[in-house]
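Student: Okay, handing you the structure first.
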Amino acid sequence: MKFNERVYLIVRKIPKGKVSTYKQIAEKLNCRAYRAVGNALNKNKDKNIYCHRVVKSNGEIGGFNRGRKEKIRLLKKEGVEAVNNKIDLKKFGYKIK
DNA sequence: CTAATGACCATTA
DNA sequence: ATAATGGCCATTA
């Protein structure tokens, strides 16, 4: 379960009002485990982790264990505007350290 | 061990 | 724009 912990660690770093993509997180970890990242977040239900700040590479919302609607709501609440269920990564994308 | 699954990605038609 | 294809990796059955 080392993988999950790393994922959470990264996700935790995402500041409010910004988002990141599964791919970027994966790249920061191993380089190509996009899917594994998604899987990890799906299983995890820790509220301390901002799973909703992770979206697809193309800017789409992606999935969410509580439904994409809820995900959008949470993001909007933090100042991230979702247009047509998509997010402008140029503006809200967080460059991972 | 193998096989199937998934909150994915990129390319091609 | 959508649909199909192949690839990718960790987890789970």
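The values are calculated or read from the model by the stated rules, or taken from the named source; none is laboratory data. What you see is a predicted model; the values in this text were computed from it and never measured. Every residue, glycine among them, receives a Cβ derived from its backbone with ideal geometry; neighbour counts consider all protein chains shown.
Student: Looking at the range A:57-95, which of its residues are away from DNA strand C (no atom under 16 Å from the Cβ), in a loop (DSSP other than H, G, I, E, B) and out of contact with any Asp or Glu (no Cβ under 8 Å at 6 or more places or on another chain)?
Tutor: Of everything in the range A:57-95, those that are away from DNA strand C (no atom under 16 Å from the Cβ), in a loop (DSSP other than H, G, I, E, B) and out of contact with any Asp or Glu (no Cβ under 8 Å at 6 or more places or on another chain) turn out to be A:ARG66, A:GLY67, A:GLU78, A:GLY79, A:VAL80, A:TYR94, A:LYS95.
Student: Identify, please: which residue in the range A:73-97 is crowded, with 19+ Cβ neighbours inside 10 Å and among the β-branched types (Val, Ile, Thr) and is, among those, nearest to A:ALA36 (Cα to Cα)? First the steps, then the outcome.
Tutor: Looking only at the range A:73-97, we keep the residues that are crowded, with 19+ Cβ neighbours inside 10 Å, and these are A:75, A:80, A:82, A:87, A:92.
Now narrow it down to the ones that are among the β-branched types (Val, Ile, Thr): A:80, A:87.
Details: A:VAL80: 25, A:ILE87: 22 Å.
Of everything passing the filter in the range A:73-97, A:ILE87 is nearest to A:ALA36 (Cα to Cα).
Student: Kindly indicate the residue of the range A:36-56 that is within 15 Å of DNA strand C (Cβ to nearest atom) and among the polar types (S, T, N, Q) and also modelled with the lowest pLDDT among those meeting that condition.
Tutor: A:ASN44
Student: With respect to A:TYR8, is the statement that it is hydroxyl-bearing (Ser, Thr, Tyr) and more than 10 Å from DNA strand B (Cβ to nearest atom) true?
Tutor: Yes; evaluated as a whole, the condition is true for this residue.
Student: Out of all the residues in the range A:24-56, which are of a type in the set (A, V, I, L, M, F, W, C) and assigned to a helix (DSSP H, G or I)?
Tutor: A:ILE25, A:ALA26, A:LEU29, A:ALA36, A:VAL37, A:ALA40, A:LEU41, A:CYS51
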